[in-house]
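Undergrad: I have a structure here, written as structure tokens, and I will follow up with some questions on it.
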Amino acid sequence: MAIVRRSQKRDAILRLMRSTKCHPSADWIYQQLKEQYPNLSLGTVYRNLNQLSEQHIIRRVGVIQGQERFDADTYPHAHFVCNRCGTVMDLPDCAPSEQDIQALGKQYGFMVEGHEFNLRGLCQDCKHHITLEESAS
């Protein structure tokens with residue numbers, strides 16, 4: 001893996017990532033930083049997110065509503081993703097243990113190099129809105 005030089009923009013992206021729990025997209029990060037860094041491009045944000053992810057400094061959550069989302073918390077944990085509004089929530093006590101994952105690999109004859117555990121459904125707010133919509137009709 002190539003060594004990536006530090007830069008002001010890369011440091012700002014990482015600081016912003018670490019300051020939020022919203023599991024941001026590249027576009028959200030770009031919108032947050034473009035006033036402070038007028039010559040920042042969306043391509044620069046994507047490039048830095050990819051580098052940070054490859055170095056395991058941040059992790060990819062997945063594509064949600066057409067945009068890849070990221071997480072600065074690299075400690076193994078699960079996520080809940082709302083299918084309606086796209087909210088991503090951390091579920092720190094819900095991921096399978098490393099021993100369970102390795103046992104699955106042994107049972108089925110593969111080598112586990114990483115895993116993701118995401119639950120999908122409706123968040124509390126969206127579930128409430130759907131209930132209200134159903135009762136109104």
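The values are calculated or read from the model by the stated rules, or taken from the named source; none is laboratory data. Bear in mind that the values here come from a model prediction, so they are computed numbers and not experimental data. When we count neighbours, we look across all protein chains shown, and the Cβ atoms used for this are built from the backbone with ideal geometry, even at glycine.
Undergrad: For the range 18-36, which residues satisfy the criterion of being more than 14 Å from the chain's Cα centre (by Cα) and either surrounded by 16 or more Cβ atoms within 10 Å (Cβ to Cβ) or at pLDDT below 95 (or both)?
TA: Selection gives Y30, Q32, L33.
Undergrad: Additional query: Just checking, does the range 74-94 include any residue being more than 21 Å from K21 (Cβ to Cβ) and not aromatic (F, W, Y)?
TA: Looking for residues that are more than 21 Å from K21 (Cβ to Cβ) and not aromatic (F, W, Y), one finds none in the range 74-94, hence no.
Undergrad: Is it true that some residue in the range 105-121 is over 12 Å from the mean Cα position of the chain (by Cα), among the β-branched types (V, I, T) and more than 30 Å from S7 (Cβ to Cβ)?
TA: yes
Undergrad: What strands (runs of 3 or more DSSP E), lying completely within the range 38-99, carry at least 1 residues that are surrounded by 16 or more Cβ atoms within 10 Å (Cβ to Cβ) and of a type in the set (D, E, K, R)?
TA: So the answer is 59-64, 67-71, 88-91.
Undergrad: Continuing with this model, one more query. Go through the range 92-137 and count every residue that is of a type in the set (A, V, I, L, M, F, W, C) and in contact with a His (Cβ under 6 Å, 6 or more places away or on another chain).
TA: 2
Undergrad: Checking the condition under 17 Å from the mean Cα position of the chain (by Cα) and at pLDDT 95 or above, which residue from R59, R15, R10 passes?
TA: Among R59, R15, R10, only R15 is under 17 Å from the mean Cα position of the chain (by Cα) and at pLDDT 95 or above.
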